[in-house]
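What follows is one structure encoded as structure tokens, with my remarks underneath.
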Amino acid sequence: MQFSNLKEMLVSIFGFMAIYVGTVSADNQAGSFSTGLAAAVDFYQVTCFDDGNGVPSYLEAQVKDMTASTSKVSILAYKGTSCTTNKCAQFSVDTTDSDTTYSPLVKVIQGSGVYNLFVMHTAAGADSYDVAFHCKTSGGVHTGTSVTSKQQQ
Amino acid sequence: MLKLPNYKSEIIIQFVIFFMSVAGFTNHVFADSAKVNLGSSMDSIQIYCMAVHGDALEPDAGFTKSIVKLSQSNDPARRVSALSQLAVKGLIDAEVVQKILQAAIQDSDPNVRGQAVYAFAQQGCGDLFVVLEQALQDTELSVRLMALDSLGVDERSAALLKQVIEDEDEAQAIKDLAAMKLEFLAAHNQVQDNGI
């Protein structure tokens, strides 16, 4: 491996660092129910857009309940009102919170735009979670995905 | 082979050393914070976990090693992950579980303490009620929620639940959970009384 100059090498180092940071934070949203209330709902909006990899076809999501307790964490992903051909809303719950696996993967096929993502739990308790979500093209290629938090309870 | 003039090599080496120092310092700070406990009421508790005769599962060395490593992580989320996996009995030697829980119950992070309380109850370690009573005095809501969640179906637990509900200063989430558990207890006792 040879670098022609110092600048080239530093660019490479920063490039590797940027890739590392990007990998860690990609399409995951960690959170917790700070109030502990059973009725707590955390609300996120996920935007699917074409980042050059293709037009989004669907959002897929799943959740990992990261706190073992009686209460279990679930998600509800929702978009649109034309629900005949494709479902507008999908639900997934992590029934086993003493392991490191996620809940079943669900897909909402409603194209590009803003999807609503609600995170809930089944009872009062101290629950933390990690939601994994990806916008994908009809061919299953990962495309533009961004998230904003709207409500934290 | 990388060939650079000496002065350029020095700059790069200094940069790498600086980067590693920053990373190391961050870890050092987190490591220290894990050892300092500010809000816990469980400092003086000594935990006893014993293997129960007839435990069907043999300890798994690989799993034990990974859990021990996770429980010693500088990252509280990873320590919580280790403890949540201890919420299921088996696969790890009781002595190892005891050591992990003893450290975790005094952790500076409330999420770690709370998960330790729940794991303690699920593992069936000794003096559970004493630990739960102490945990209910914790300054952090998440620890008290876990303690409440871990209470059993006996009369002492029921009395404690009623006490929590009547506490005017207690958080609504705690009262909600206590009420839910009391309802469950009442239904459970009804089933017992009816001999179902």
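Each residue of the range A:140-153 in order: what ³J(HN,Hα) in whole Hz does its phi give by Karplus 6.51 cos²θ - 1.76 cosθ + 1.60, θ = phi - 60°, with x for Gly and Pro?
So the J values, rounded to whole Hz, are x, 8, 5, 10, x, 9, 9, 9, 10, 8, 10, 8, 10, 10.
Please work out the C-alpha center-to-center distance from the range A:89-109 to the range B:74-109 and express it in whole Å.
Cα centroid to Cα centroid, the span is 25 Å.
Output wanted: per-residue J couplings in Hz (rounded whole) for the range B:155-160, from phi through Karplus 6.51 cos²θ - 1.76 cosθ + 1.60, θ = phi - 60°, x for Gly and Pro.
5, 4, 5, 4, 5, 5
Using only atoms on other chains, find how many Cβ atoms lie within 10 Å of each Cβ of peptide B:68-81 and report the average.
Average per residue, whole number: 1.
Only loop residues by DSSP count here, and only those with at most 15 other Cβ atoms within 10 Å; note down the GluC sites (Glu not before Pro) in the range B:124-196 that meet that.
Counting only loop positions with at most 15 other Cβ atoms within 10 Å, the GluC sites (Glu not before Pro) in the range B:124-196 are B:GLU168.
If the viscosity is 1.002 mPa s and the temperature 20 °C, what Stokes-Einstein diffusion coefficient in µm²/s follows for the range B:105-178 when Rh is the Kirkwood radius over Cα pairs?
Approximately 176 µm²/s, per Stokes-Einstein.
Counting only C-alpha contacts under 8 Å and six or more residues apart, can you give the relative contact order of the range B:93-196 as a whole percent?
19
If you place +1 on the Cβ of every Lys and Arg, -1 on the Cβ of every Asp and Glu, and leave all else neutral, what size is the dipole of the range B:44-193 about its Cα centre, to the nearest 20 Debye?
560
Just checking the output field for A:35-47: average partner chain Cβ neighbours within 10 Å of each residue's Cβ?
Mean shielding count: 2.
Evaluate E = 1/(1 + (r/R0)^6) for A:VAL147 and B:ARG78, where r is the Cβ-Cβ distance and R0 equals 30 Å; express this FRET efficiency to the nearest 0.05.
After rounding, the FRET efficiency stands at 0.85.
Once you've got the Cα coordinates, tell me which of A:LYS150/B:LYS181; A:LYS72/B:LYS175; B:LYS69/B:LYS89; A:LYS72/A:LYS136; A:LYS64/B:LYS175; A:LYS150/B:LYS175 are over 22 Å apart.
From A:LYS150/B:LYS181; A:LYS72/B:LYS175; B:LYS69/B:LYS89; A:LYS72/A:LYS136; A:LYS64/B:LYS175; A:LYS150/B:LYS175, over 22 Å: A:LYS150/B:LYS181; A:LYS72/A:LYS136; A:LYS64/B:LYS175; A:LYS150/B:LYS175.
Taken together, the values in this text are just the output of simple stated rules run on the coordinates, not laboratory data. The structure displayed is predicted, hence computed values, not measured ones. Note that we place each Cβ from the backbone using ideal geometry, even for glycine, and neighbour counts take in every protein chain shown.
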